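Chemist: Sharing a structure with you now.
The values are calculated or read from the model by the stated rules, or taken from the named source; none is laboratory data. No experiment lies behind these values; they were computed from the predicted model shown. Ideal geometry is used to build each Cβ from the backbone, glycine not excepted, and the neighbour counts take in all protein chains shown. The area values use the complete protein model at the heavy-atom level, side chains included, leaving out ligands, DNA and RNA. Shrake-Rupley method; radii C 1.70, N 1.55, O 1.52, S 1.80 Å.
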Amino acid sequence: PPGHTLDPHHGTATCMAAAELPAAGGITVVTHALPIVNKVLANTKITLMIPGGIVRPNEDSLYGPLTARNMAHLFMNIGFFGCGGVDARAGVTNHNMFETSISSAAVGQCQMVVLLADHTKFNVVAVNKTADIEQIDLLIADRAPAETVDALTVAGLSVRLVEND
């Protein structure tokens with residue numbers, strides 16, 4: 001929505017969501033993911049905020065104390081996050097501890113947290129915890145086993161399955 005700040009964090013699902021942002025106007029996008037920066041950079045109707053940091057070349061993302069400090073001073077209306085895994089017991093997890101710490105900090109700065117995951121992320125537990133299930137407002141996925149959706153719903157997560165075209 002116009003005037004909102006969005007925080008799409010880097011991953012396949014979040015890059016797909018960011019590809020839809022050029023149609024939006026009057027929003028501020030906060031990201032530490034360079035592929036997302038490149039998707040919205042040319043849109044003059046979007047204010048782009050990059051929290052800075054050290055470049056992680058193999059992932060084209062920014063991390064480190066500068067990123068963490070700047071993220072702690074930003075507040076977003078809606079945050080879109082990817083993950084390495086989502087599990088009813090373990091919560092939302094990811095692989096790289098430095099990027100996970102930035103995502104964890106950003107989760108705490110969002111009024112609404114949306115997790116984007118494809119079916120391969122369910123019942124997977126990566127080594128670093130990003131967030132508890134209770135911190136996520138909505139999970140959007142392409143598909144998931146019914147028992148997994150039931151377990152996540154019982155854990156308090158709203159799940160929306162969408163067709164991918």
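Chemist: For segment 123-151, how many residues are closer than 14 Å to Thr93 by Cβ and among the aliphatic types (A, V, I, L, M)?
Modeler: Residues flagged as closer than 14 Å to Thr93 by Cβ and among the aliphatic types (A, V, I, L, M) within segment 123-151 amount to 8.
Chemist: Being polar (S, T, N, Q) and open to solvent by 20 Å² or more (accessible area, probe 1.4 Å) is the filter; apply it to segment 96-130 and report the residue that is nearest to the chain's Cα centre (by Cα).
Modeler: Here the residue is Ser104.
Chemist: Sticking with this structure for a sec: Would you check which residues across segment 63-98 are in contact (Cβ under 8 Å) with a residue 40 or more places away in the chain and touching a Leu at 6+ places or on another chain (Cβ under 9 Å) and list them?
Modeler: Met76, Asn77, Ile78, Gly79, Phe80, Phe81, Gly82, Cys83, Val86, Ala88, Val92
Chemist: Still on this structure, I have one more. Starting from residues that are over 23 Å from Leu139 (Cβ atoms), of a type outside the set (Val, Ile, Thr) and in a strand (DSSP E or B), keep the ones in segment 40-95 and report whichever is least open to solvent (accessible area, probe 1.4 Å).
Modeler: Going through the qualifying residues, I end up with Leu62.
Chemist: For Ala13, state whether it is open to solvent by less than 20 Å² (accessible area, probe 1.4 Å), at pLDDT below 90 and touching a strand residue (DSSP E or B) at 6+ places or on another chain (Cβ under 6 Å).
Modeler: no
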